[in-house]
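A quick write-up on the structure given underneath.
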Amino acid sequence: MNKKIYLRLLQGGLIASLFIVFAVFKHLLFPYITSKQLPFNILMEILFVFWLVFILRYPEYRPKRNYITTGLIVYFMAILASCAVSVDIGLSFWGDAERMLGFFHLLHFLIFYLILITVFRSWREWRVLLLFSVMIATAVSLIGLRGANVYSTIGNTTYVSGYLIFNLFFCLILFLRDKRQLRRWLYLAPALVMLREFWACHTSGAIIGLFFSVLLLFFLLGLFHKNRALRRVSLTVFIIAVIGTVGIFSQYRAAWFQNSFLRNLTFQKATFQTRLISWQGAAKDFKNHVLFGTGFGNYAIIFDKHFDSEFFDYARTETYFDRAHNNLVDIVSTTGLVGLLAYLSIFIAVLYYLFKRFRQNGGRAGRSEEGARRNLEIIVVVSLLAAYFIQNLAVFDSLVTYIGLMMTLGFIYYLLNESAPGIDRDKEEDADESTVSRPLLDSQWELLVLVILLALALLLANRYNLKPWRMFKGTIVAYNQVLRGDLPGGVALYKEVLSDAALDHDARATLVNFILANPGILNTVPREEANAHLEYTIGLAKTNVAMNPQDSLKQMQLAQVLDTAARFNYQDLIKFNYYSRQALEAMDLSIESSPGRAPVYLVKAQMLLARGEKEAAIENVEYAISLNPNYAEGHCRLAQFYLFLEQEAEFGASLKRCVDLDGVSYINSGSLLSAAANYFTAAGDYERALKMAERLAFLSPDTAEIWFNLAKLYLITEEQTKADFAAAQAIRLKAELKTEWLELVKGME
């Protein structure tokens, strides 16, 4: 096959891969992730076959050796080595549905890079690629700005921000390269759209990264630009920006600062504090896995092991981290020093080559000469990498940022191998063809190898991409069947689509979590059938645990579904004890994996109370509170236990602490809320009583008496507008309450 056909096919394939960012198939599990990664994998696997045959047929196109490519390959080898010693090998190699960042999936980005540096060899080709990337990013931004969700088709504002950083700098590269003055300024339009979307995302780490990269850009221009006046202006802008930034953030205690978005750019931000706790745990654990870490993607093990319940002072949700939210911490924790050094070697090689080329180009930047213009690009690329590196100190990579990184590294490779001005790259390659041997010179052998490799690629794609696709799709169908109340039909569908594969983990968890959240569905089928479905669900939870027995969350899910089975069979003492004993064993393993996590003790306490072990239940709740005395849910649960045990004095004390720590939103028990409202009302504590009554109305909006009692409390506290609204709701549900309400209002007057 003609080399130009290969080139256009491979170039077109890479350009097509950029459009995958638009893929969102709602019928898949985690649609914003799986809809993109699986098609990307399939495309790269097919393109890899053509690339391999191409470089065998035309060896002169093989990528040249350099430290950047070597560093990338070594990094991937380090990841693979960490998989071999991983706590959860399946998670390390295959990843999960929520992230799809296992070694297998990451390998496709390396394929993307290798093809990129092979077939994009002239500025004309690079210009087309960058233009497509910028146009697609602009479309993504417009969808985010004009659509229902600011996260657009990417699904996460953090990922969107990282994606836009790359494309903003790609706009700048296009601006610098274009020699047509009028057309150059057209690149400002997409940049402005992307900046608007970037700001709408409000991603703190990305904002800091972009800001410091712009500062670095001005600083480097101030040092190296050929124009003295422009150097002075750039340095002046840099100094003013630094002084202004220091001045503004020195006012972080001021009320205006605390009420502005700037507060989110400081160490005070709650998410930064939770990440800091996470990083401290990683530092404590480092000595246990120095060389190869816990295994790529296994950060959750470290996070659970060193979890500190101080975490709940800053956040109540998202308390399970599967990533460090810091790329360097994540890499060193899960791949060890070997992985971190390999990763850093990529950027060290980049800086080495760019500095060397910068000096070869004369050591000055500007637009007057070709070498100076190339140095301007080098400054832009260095600033881009700085933005990427800084923002990744608070997040982690995704498909869109991996593609952006590979494109940037590929562009650097192009800069290092770019022909001197005036020389046609294609003619250079034609001149070299005769001096290189071709292993696949015979076109028949070429076709045979191509067909065989394509067949293998399609088999691979079917087994490891299309099969998971069908499983993710089938999981949604099965889940919706259960959601509609058809438990037998849903379970039958789950059995059809699920296997013991690692990527099935999240799919299995959907049924487990549904049963935990909706145990009442078991009463819709005969008891024997319900027990069979419970056994199947327990089996799913056990399969997840078997893949990683040290995962605290998986152990807790297993414990809870076993406890659900025990409660469902509470009339059968043998079955109750059978399931309950296993539930406690799994719960103890969950606690062992995360001993500093307060909620696991509350879950165990609830199980103990169901067994009649009252003192042990109270002890577990009190221990949970001791881990963090400000942990509101612990006090709320203790109040619930004391109400059940009819210990009024202890009930009141715990209840007050629960309310004062803003823990009312944790309470979902109508009986507890009703008792608490009555308790506080009797004590004349109407402020606390109102909080309980409001929560009760929120949970039971169709109960007239609840709204009526809330209206009376509003009337007592002289909140007439709210009282009238609550009374109107009560009367709407029960018309005969109108007379009683009018008499009550008249009596109050």
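The values are calculated or read from the model by the stated rules, or taken from the named source; none is laboratory data. Since the structure is predicted, the reported quantities are computational estimates derived from the model, not experimental observations. Cβ atoms come from the backbone with ideal geometry, glycine included; neighbour counts cover every protein chain shown.
Based on this model, can you work out whether Ala653 counts as farther than 24 Å from Ala315 by Cβ, in contact with a Lys or Arg (Cβ under 9 Å, 6 or more places away or on another chain) and either at pLDDT 90 or above or not aliphatic (A, V, I, L, M) (or both)? The answer is no for Ala653. When Ile243 is tested against (1) exposed (fewer than 12 other Cβ atoms within 10 Å of the Cβ); (2) at pLDDT below 95, only condition (2) is not met.
When Gly362 is tested against (1) in contact with a Lys or Arg (Cβ under 8 Å, 6 or more places away or on another chain); (2) surrounded by fewer than 21 Cβ atoms within 10 Å (Cβ to Cβ); (3) not in a helix (DSSP H, G or I), just one condition goes unmet, and that condition is (1).
The conditions of being assigned to a helix (DSSP H, G or I), in contact (Cβ under 8 Å) with a residue 60 or more places away in the chain and buried (at least 20 other Cβ atoms within 10 Å of the Cβ) are met by Leu553.
Counting only helices (runs of 4 or more DSSP H) wholly contained in the range 397-462, the ones carrying 1 or more residues that are among the hydrophobic types (A, V, I, L, M, F, W, C) and modelled with pLDDT under 60 occupy 425-432.
Restricting attention to the range 74-95, and to residues there that are of a type in the set (A, V, I, L, M) and surrounded by 23 or more Cβ atoms within 10 Å (Cβ to Cβ), which single residue is farthest from Leu107 (Cα to Cα)? Of everything passing the filter in the range 74-95, Leu91 is farthest from Leu107 (Cα to Cα). Quick check, is Thr543 β-branched (Val, Ile, Thr) and in contact (Cβ under 8 Å) with a residue 60 or more places away in the chain? Criteria not met by Thr543. Would the range 510-521 turn up any residue that is more than 18 Å from Val603 (Cα to Cα) and in contact (Cβ under 8 Å) with a residue 60 or more places away in the chain? Checked the range 510-521: at least one residue is more than 18 Å from Val603 (Cα to Cα) and in contact (Cβ under 8 Å) with a residue 60 or more places away in the chain.
Apart from one condition, Thr70 fits all of (1) in contact with a helix residue (DSSP H, G or I) (Cβ under 7 Å, 6 or more places away or on another chain); (2) surrounded by fewer than 20 Cβ atoms within 10 Å (Cβ to Cβ); the exception is (1).
For the range 698-727, taking the residues that are under 44 Å from the mean Cα position of the chain (by Cα), surrounded by fewer than 21 Cβ atoms within 10 Å (Cβ to Cβ) and of a type in the set (A, V, I, L, M), the one that is farthest from Leu744 (Cα to Cα) is identified as Leu699. The condition of being within 27 Å of the chain's Cα centre (by Cα), surrounded by 22 or more Cβ atoms within 10 Å (Cβ to Cβ), in the same structural domain as Phe198 (by TED's automatic domain parsing) and not β-branched (Val, Ile, Thr) holds for only one of Leu145, Leu110, Leu164, that being Leu164.
Picking from residues in the range 595-612 that are at pLDDT 95 or above and not in a helix (DSSP H, G or I), the one that is nearest to Val664 (Cα to Cα) is Arg597. Within the range 318-344, the set of residues being among the polar types (S, T, N, Q) and closer than 22 Å to Ser86 by Cβ comprises Asn326, Asn327, Ser333, Thr334, Thr335. Figure legend. Inter-residue proximity from the range 270-295: first residues polar (S, T, N, Q), second residues part of a helix (DSSP H, G or I) and surrounded by fewer than 20 Cβ atoms within 10 Å (Cβ to Cβ), beta-carbon distance below 7 Å, spacing 6+ or different chains. No pairs are indicated. In contact with a helix residue (DSSP H, G or I) (Cβ under 6 Å, 6 or more places away or on another chain) and not in a helix (DSSP H, G or I), is that true of Gln268? No; evaluated as a whole, the condition is false for this residue.
Each residue in the range 29-52 was checked for being over 15 Å from Leu460 (Cβ atoms), touching a Leu at 6+ places or on another chain (Cβ under 8 Å) and surrounded by fewer than 21 Cβ atoms within 10 Å (Cβ to Cβ), and 0 pass. Taken over the range 318-359, the criterion of being within 26 Å of the chain's Cα centre (by Cα) and either part of a loop (DSSP other than H, G, I, E, B) or charged (D, E, K, R) (or both) is satisfied by Glu318, Thr319, Tyr320, Phe321, Asp322, Arg323, Ala324, His325, Asn326, Asp330.
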